[in-house]
Amino acid sequence: MKTILYHGSPEIIKKPLYGKGKPYNDYGRGFYCTEHMELAKEWACSENIDGYCNQYEIDLSKLKVLNLSEYTILHWLALLVTYRKIRVSSPIQKRSIEWLQKNYLLDLADYDVIIGYRADDSYFSFARAFIGNEISLKQLSYAMRLGKLGEQIVLKSPAAFGAIQFISYVGVDNAEYYARRKARDDEARAAYRAELENDDLSGLYMRDILREELTPDDPRL
């Protein structure tokens, strides 16, 4: 069964090319898509620049897929702090990153496709706050549900790029969809700030995870 995917871009991309793309995206270099057309449209354009929503189909059943929903949020974090550029401003952040990479980093080399959270700018700031011991795991999990984050599907291998087929595209008006994208981000940040007013005194923080050296099978994760 084929899956319909969408990719928002300033360009019409009829043939996604393996090896292109920025290496510091959420899961490294790859072709980032979503199953939701409206989300792709939000990412198709920046302020004052129109874009395109490209539509594709792909048969995922013939590919090796890593679905991060089957793992803990710490596995997702380990990938995020490895591939995204992150400003380290405290010893606890440095130690947290090193520990996550050592104990929770998944090897993506054997997979054709990655399915996982999409770390918008606001969500990346939430993740950074967690590894800095500023918010609890419960608060981070709450933050990840804000603004209808959704999942992204990322093509990583030559096999995946060979399997995707272009269908069509539509133009995207930046006046409408850049505003939607910004509103989504603002909404998430506002809800996040409201959540922080409730101190999670009994919550599990990064310092606790480091001190207790929690393993992936710990029920608290």
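The values are calculated or read from the model by the stated rules, or taken from the named source; none is laboratory data. The shown structure was predicted, so the numbers you read here are calculated from the model rather than taken from an experiment. For neighbour counting, all protein chains shown are included, and Cβ atoms are generated from backbone atoms with ideal geometry for every residue, glycine included. The accessibility values were calculated without ligands, DNA or RNA, using every heavy atom of the protein model including side chains. Shrake-Rupley method; radii C 1.70, N 1.55, O 1.52, S 1.80 Å.
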- Compute, for T72, the solvent-accessible surface of its heavy atoms (probe 1.4 Å) with the complete set of protein chains present, and express it in square angstrom to the nearest 10. 20
- On a 0 to 90 degree scale, rounded to 10, what angle separates helix 174-196 from the longest Cα axis of the chain? 10
- Order of 124-131, 198-205 by packing, highest average Cβ count within 10 Å first? 124-131, 198-205
- How do the peptides 152-158, 79-85, 213-219, 188-194 rank, highest first, by the average count of neighbouring beta carbon atoms within 10 Å per residue? 152-158, 79-85, 188-194, 213-219
- Note on the structure: Burial-style ranking of 160-166, 101-107, average other-beta-carbon count within 10 Å with highest first, yields 160-166, 101-107
- Task: Skip the ligands, DNA and RNA, and give the accessible area per residue of the range 87-169 with a 1.4 Å probe, whole Å².
- Result: 44
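Report, please, the projected area of the range 1-133 averaged over directions, based on the convex hull of its C-alpha atoms, in nm².
About 9.1 nm², averaged over all directions.
Express the carbon and sulfur contribution to the solvent-accessible surface of the chain as a percent, rounded to the nearest whole number, probe 1.4 angstrom.
49
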- Query: R193 versus R29, label points 7 Å from Cα toward the beta carbon: distance in nm?
  - Reply: 4.0
- Cross-link reach from K14 to lysines, straight Cα distance under 24 Å and at least 8 residues apart if same chain, gives K2, K22, K41, K62, K64, K156
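Semi-axes, largest first, in whole Å: what does sqrt of 5 times each Cα gyration tensor eigenvalue give for the range 58-110? Before the final figure, lay out the partial values.
Details: eigenvalues 147, 23, 15 Å².
Equivalent ellipsoid semi-axes, largest first: 27, 11, 9 Å.
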